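Data block below; observations after.
The values are calculated or read from the model by the stated rules, or taken from the named source; none is laboratory data. Treat the numbers as computed from the prediction; the structure is a model and nothing was measured. All Cβ positions, glycine included, derive from the backbone under ideal geometry; neighbour counts span all protein chains shown.
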Amino acid sequence: MTKRFYFLLFILCVFKLQAQFEFSGTASEEFINSSVYLTSIDDYNKSTLFLTEQIIQESEIDSSGDFVFKGDFLSEKNKFYKIYIDKCNESVTDYNHLLNHCDDSNFIIFIANNNDEIHFPLNSFSQMFCDLKYSRKQNIAIHQIDSIQESLLIPLHDSKSDAQRKIIYNNYFEQLQKYSQSFNEPLVELYAYHLYSDTKSFSRSYYLEDLKTSEYYNSLLEKLKSKYPKSQYTKQFKEDLKRDSINFTENYFDLKTTILVALLLLSLIANFILIRKKRDKKSIVDYKTVLSPQEQKVFKLMNESHSNKEIAEQLFISLSTVKTHINNIYSKLSITSRKDIHHYF
């Protein structure tokens, strides 16, 4: 019995020593001979940004479009990681990378640890990061959360009134939260939380209302404390909840603080109105002088009320690339939604 115990212990130790991660994939033809980066995501609120200080490994895409990252230096605990690629051939310290100004970039966010093997092949349309072969279902969870987010918002294109849109937004919030719990992984729930609670999210108001009475968020915090007690994610989530809950805590501020906050809010509102008036007076810029050729194509299809999925199919690009183009368009033209697009046509 003792010999058998030591033998099993030896096998486990050997496996531990040999364990390593491997993330491989195939890039679209347009990215051949480009650099591709594996980055660690420590702040889930900045998951979509390309932060050069978070690069942990760099690889080259060969003539066949293949790339690979591997080693044994990742955390044994699950973390958020991102594979990022663009067509900026300059050094990662170049201003285009530092300011996230690279056109035709693409990325995928996923959950993994030091023992995972994940492969990202091209799909049947030769699109990258749309298909995954993985070790555990948690590896594909972020991809599936992003996909269900797209499907939940499709009805928006046919909505006729604010009442319909409110129903869609509320359903999006509830279903996203519910679906994220099916993976039995707190980080998946945390990623979904980031989507619907973000300050720029249309569903934030539903989250804030739910936060007043729901025990879900404290429950998620306890899950994170239990599974990831020393993680930055746990600390950040706790701080986010504290920040969002402070508005609903009775008698939290004394009278003086309440008056100061009220004056500050009035000042902010007044500044917002003035800025809004000045912005409205500005002439609309010619989008053709600002947007890249590919962004112009996406912009025109957005004006024709095509969904992100339809745009991806028509231009033969991935959904994540479409999202990147749309973010660039919004930033360059200083618009916040598709409602503003018709002004340019």
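No other residue among ASP244, ASP240 is crowded, with 16+ Cβ neighbours inside 10 Å, within 22 Å of the chain's Cα centre (by Cα), in a helix (DSSP H, G or I) and modelled with pLDDT of 95 or more apart from ASP240.
Pairs meeting the criteria (first residue in the stretch 334-345 and of a type in the set (D, E, K, R), second residue surrounded by 13 or more Cβ atoms within 10 Å (Cβ to Cβ) and in a helix (DSSP H, G or I), beta carbons under 7 Å, at least 6 apart or on different chains) are ARG338/MET302. Given the structure, is ASN139 polar (S, T, N, Q) and closer than 30 Å to ILE61 by Cα? Answer is yes for this residue.
Number of residues in the stretch 302-338 that are of a type in the set (Gly, Ala, Ser) and assigned to a helix (DSSP H, G or I): the value is 3. Being under 21 Å from TYR344 (Cα atoms), at pLDDT 85 or above and either surrounded by 10 or more Cβ atoms within 10 Å (Cβ to Cβ) or in the same structural domain as LEU152 (by TED's automatic domain parsing) (or both) is a property that holds for LYS300.
Please tell me if SER159 is under 25 Å from VAL322 (Cβ atoms), within 18 Å of the chain's Cα centre (by Cα) and either without any contact (Cβ under 8 Å) to a residue 12 or more places away in the chain or surrounded by 18 or more Cβ atoms within 10 Å (Cβ to Cβ) (or both). It is false that SER159 is under 25 Å from VAL322 (Cβ atoms), within 18 Å of the chain's Cα centre (by Cα) and either without any contact (Cβ under 8 Å) to a residue 12 or more places away in the chain or surrounded by 18 or more Cβ atoms within 10 Å (Cβ to Cβ) (or both). ILE167 meets all of the listed conditions (1) surrounded by 14 or more Cβ atoms within 10 Å (Cβ to Cβ); (2) over 20 Å from the mean Cα position of the chain (by Cα); (3) closer than 24 Å to SER214 by Cα; (4) of a type in the set (A, V, I, L, M, F, W, C) but one, namely (1). The set of residues in the stretch 166-202 that are acidic (Asp, Glu) and closer than 11 Å to ILE145 by Cα contains only GLU189. Under the condition of being part of a helix (DSSP H, G or I) and either among the aliphatic types (A, V, I, L, M) or more than 19 Å from LEU195 (Cα to Cα) (or both), the residues counted in the stretch 28-70 number 6.
Please work out if ASP66 is charged (D, E, K, R) and at pLDDT below 95. No: the conditions fail for ASP66.
For the stretch 33-67, the set of residues classified as loosely packed, with under 14 Cβ neighbours inside 10 Å and of a type in the set (A, V, I, L, M, F, W, C) consists of ILE56 only. Being farther than 24 Å from PHE316 by Cβ, of a type outside the set (A, V, I, L, M) and surrounded by 16 or more Cβ atoms within 10 Å (Cβ to Cβ) is a property that ASP116 has.
Is it the case that some residue within the stretch 204-220 is without any contact (Cβ under 8 Å) to a residue 40 or more places away in the chain, crowded, with 19+ Cβ neighbours inside 10 Å and not in a helix (DSSP H, G or I)? No, the conditions are met nowhere in the stretch 204-220.
None of TYR172, TYR134 is closer than 25 Å to SER205 by Cα, in contact with a helix residue (DSSP H, G or I) (Cβ under 7 Å, 6 or more places away or on another chain), without any contact (Cβ under 8 Å) to a residue 60 or more places away in the chain and surrounded by 14 or more Cβ atoms within 10 Å (Cβ to Cβ) except TYR172.
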